[in-house]
């Protein structure tokens, strides 16, 4: 390929994905940044390469015609300054919001943030974590549960607006309704235009004419409430459920945090779980093992009538299919039951004679 090989500059293959190119650019930009001891010329090449390969349309043109397609006003002007940006040998007066991921990287390098108007997440409330004990069967089959919380909630008196009832919101006179304030910051590469949330209206664009007395204009108060949620089938002790948006509500109209619920499964009197299988034991008359017959075995689904063959040894494990813990696809594990003989502590004289006779016959 004639001219500069942008793929080689970023250290990626020609078939690299957009995500791979972005990661390679971030890595190379940090490596070659002059403020970090890097080579300015290489940093310029890295920046130039990403401006082409990071744009789907420009990348296609480059793959077909090489970098010559961008030398005569096709994207990078000759003598147009560092990395093709305007400004005669420097960045000039640049708004980092105009450069997508490049603006993010430069912001990391110089210690400033770009505008929140490009889809940056608004300030969010604190996450909350709580614990909940559930029964064995609830963990196996799932259940609908609820927890009681004391948290930061939307103010009921002003519905989160921060304005006293009967009053209105007015345009913020600090940011003039923009929700952000633009400032110029000088760097070794020129002046950057950076935008930060307005500290007066906290990025809301508007201010209450009169602040709500209950929340003092913040739009949130402490309150109590109940959160209902569903526990999926097959959950285990230590599982952490995440309820998005159920945490503390952020002041000044910010997004709420999340609620995390850590579960502890109470032990069952006679069922034990091994993965998706249920294990238990049942004690039956030793005569039933010898002679055979039917027995009711307790399972998670109720009693299961099961036939015992004659001459079944003590300690035999029966496998009951589809009586275990559900898998994600809906299928269930098995229930393994160990048969234990019940030996009577007291025998009548006649019973003893019969047993002795059996013993003498070697059966």
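The values are calculated or read from the model by the stated rules, or taken from the named source; none is laboratory data. Here the structure is a predicted model, which is why all the values come from computation and not from measurement. Cβ placement follows ideal geometry from the backbone for every residue including glycine, while neighbour counts extend to all protein chains displayed.
Scan the stretch 4-22 residue by residue and report those that are in a helix (DSSP H, G or I) and either in contact with a helix residue (DSSP H, G or I) (Cβ under 6 Å, 6 or more places away or on another chain) or under 15 Å from residue 46 (Cα atoms) (or both). So that I can check it myself, show each step before the final result.
Step one: filter the stretch 4-22 for residues in a helix (DSSP H, G or I), giving 6-10, 18-22.
Scanning the stretch 4-22 gives 6, 7, 8, 9, 10, 20, 21, 22.
Just a yes or no: is a residue in the stretch 343-350 out of contact with any strand residue (DSSP E or B) (no Cβ under 6 Å at 6 or more places or on another chain) and in a strand (DSSP E or B)?
Filtering the stretch 343-350 for residues out of contact with any strand residue (DSSP E or B) (no Cβ under 6 Å at 6 or more places or on another chain) gives 343-350.
Subset that is in a strand (DSSP E or B): none.
Within the stretch 343-350 (the criterion being out of contact with any strand residue (DSSP E or B) (no Cβ under 6 Å at 6 or more places or on another chain) and in a strand (DSSP E or B)), the answer is no, since none of the residues qualifies.
(1) touching a residue at least 60 places away in the same chain (Cβ under 8 Å); (2) exposed (fewer than 14 other Cβ atoms within 10 Å of the Cβ); (3) within 26 Å of the chain's Cα centre (by Cα); (4) closer than 30 Å to residue 280 by Cβ: which one isn't true of residue 266, the others all being true?
(3)
So which of 194, 221, 226 is in a strand (DSSP E or B) and modelled with pLDDT under 90?
Values: 221 fails: modelled with pLDDT under 90; 226 fails: modelled with pLDDT under 90.
On inspection, the qualifying residue turns out to be 194.
For residue 283, all conditions in the list (1) touching a residue at least 12 places away in the same chain (Cβ under 8 Å); (2) surrounded by fewer than 14 Cβ atoms within 10 Å (Cβ to Cβ); (3) in a loop (DSSP other than H, G, I, E, B) hold save one; what is the number of the exception?
If we test residue 283 against (1) touching a residue at least 12 places away in the same chain (Cβ under 8 Å); (2) surrounded by fewer than 14 Cβ atoms within 10 Å (Cβ to Cβ); (3) in a loop (DSSP other than H, G, I, E, B), just (3) comes out false.
Would you check if there is a residue in the stretch 341-358 being closer than 30 Å to residue 232 by Cα and surrounded by 13 or more Cβ atoms within 10 Å (Cβ to Cβ)? Before you say what the answer is, go through the steps one by one.
Pass one, the stretch 341-358, residues closer than 30 Å to residue 232 by Cα: none.
Among the residues of the stretch 341-358, not one is closer than 30 Å to residue 232 by Cα and surrounded by 13 or more Cβ atoms within 10 Å (Cβ to Cβ), which makes the answer no.
So which residues in the stretch 230-252 are surrounded by fewer than 16 Cβ atoms within 10 Å (Cβ to Cβ) and either in a loop (DSSP other than H, G, I, E, B) or touching a helix residue (DSSP H, G or I) at 6+ places or on another chain (Cβ under 6 Å) (or both), if there are any at all?
232, 236, 237, 238, 244, 245
Sort out which residues of the stretch 299-334 are touching a strand residue (DSSP E or B) at 6+ places or on another chain (Cβ under 7 Å) and either in contact (Cβ under 8 Å) with a residue 40 or more places away in the chain or closer than 19 Å to residue 139 by Cα (or both), and write them in order of number.
299, 300, 322, 323, 324, 325, 326, 332, 333, 334
For the stretch 253-260, check the following and say yes or no: at least one residue is part of a helix (DSSP H, G or I), surrounded by 17 or more Cβ atoms within 10 Å (Cβ to Cβ) and in contact (Cβ under 8 Å) with a residue 60 or more places away in the chain.
Restricting attention to the stretch 253-260, the residues satisfying the condition of being part of a helix (DSSP H, G or I) are 253.
From the residues that got through so far, the ones that are surrounded by 17 or more Cβ atoms within 10 Å (Cβ to Cβ) too are 253.
Checking the rest, the ones that are also in contact (Cβ under 8 Å) with a residue 60 or more places away in the chain come to 253.
Yes, the conditions are met somewhere in the stretch 253-260.
Quick grid of which residues meet (1) over 27 Å from the mean Cα position of the chain (by Cα); (2) without any contact (Cβ under 8 Å) to a residue 24 or more places away in the chain:
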position: 144; (1), (2): no, no
position: 148; (1), (2): no, no
position: 159; (1), (2): yes, yes
position: 168; (1), (2): yes, no
position: 175; (1), (2): yes, no
position: 199; (1), (2): yes, no
